[in-house]
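Presented below is the structure to which this report refers.
The values are calculated or read from the model by the stated rules, or taken from the named source; none is laboratory data. In this text, all values refer to a predicted model and were calculated from it rather than measured experimentally. A quick note on method: Cβ atoms are made from the backbone with ideal geometry, for glycine too, and the neighbour counts reach across all protein chains shown.
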Amino acid sequence: MTDTEPSDGMSVQVDRLSVYAVVTVEGSIDFGTHERLGERLTEALALTEVALIMDMAAVSFCDSAGLRVFVRAIRETRMRGMSLVVTGLHGRVANVFAMTGLQQEMFVQPDVDSAVSWLETGQSRLAFKPEDTG
């Protein structure tokens, strides 16, 4: 399920991978796009009872409105007893997540394959350190 609206600078794709829901986001998460991302996350949560993986590798910007979407996602996955794994954090976006403490509230993996491996075995495929995000 792809939701692409190039005029607002963000696209969101929701897929199912095994028992996991994967949300791939591209572009900017901001005041103009955060509500649509929240709606797509709600759809993704209906696809899994295990874990939500958010691929942020193609996200170039996230403002406070976008961060609120992640706070709600953290709260919702915890209430459901699910894991929230964020992948691909880099650059400014990784710095914002680190500075606000959000990165400590979710599981972070370098990519979707590593997230799946970690969810299934408890071990990451790649050696990953928080400083690798910048």
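To keep it simple, each residue is scored yes or no on (1) in contact with a Leu (Cβ under 9 Å, 6 or more places away or on another chain); (2) of a type in the set (Gly, Ala, Ser); (3) modelled with pLDDT of 95 or more; (4) within 22 Å of residue 121 (Cβ to Cβ).
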residue	(1), (2), (3), (4)
1	no, no, no, no
22	yes, no, yes, yes
26	no, no, yes, no
52	yes, no, yes, yes
87	no, no, yes, yes
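Rundown of residues vs (1) among the hydroxyl-bearing types (Ser, Thr, Tyr); (2) without any contact (Cβ under 8 Å) to a residue 24 or more places away in the chain; (3) farther than 22 Å from residue 122 by Cβ, yes/no style:
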residue	(1), (2), (3)
11	yes, yes, yes
30	no, no, yes
33	yes, no, yes
36	no, no, yes
58	no, no, yes
79	no, yes, yes
90	no, no, yes
Inset, instruction - Sort out which residues of segment 34-60 are among the charged types (D, E, K, R) and assigned to a helix (DSSP H, G or I), and write them in order of number. - result: 35, 36, 39, 40, 43
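From the list 92, 80, 36, which residue is out of contact with any Asp or Glu (no Cβ under 9 Å at 6 or more places or on another chain) and not small (Gly, Ala, Ser)?
Selected residue: 92, the only one of 92, 80, 36 that is out of contact with any Asp or Glu (no Cβ under 9 Å at 6 or more places or on another chain) and not small (Gly, Ala, Ser).
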Inset, instruction - Scan segment 69-95 residue by residue and report those that are farther than 21 Å from residue 114 by Cα and in contact with a helix residue (DSSP H, G or I) (Cβ under 6 Å, 6 or more places away or on another chain). - result: 69
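Condition check: assigned to a helix (DSSP H, G or I), free of Cβ contacts under 8 Å to residues at least 60 places away in the same chain and buried (at least 22 other Cβ atoms within 10 Å of the Cβ). Does residue 65 satisfy that?
Details: assigned to a helix (DSSP H, G or I): yes; free of Cβ contacts under 8 Å to residues at least 60 places away in the same chain: yes; buried (at least 22 other Cβ atoms within 10 Å of the Cβ): no.
No, not satisfied.
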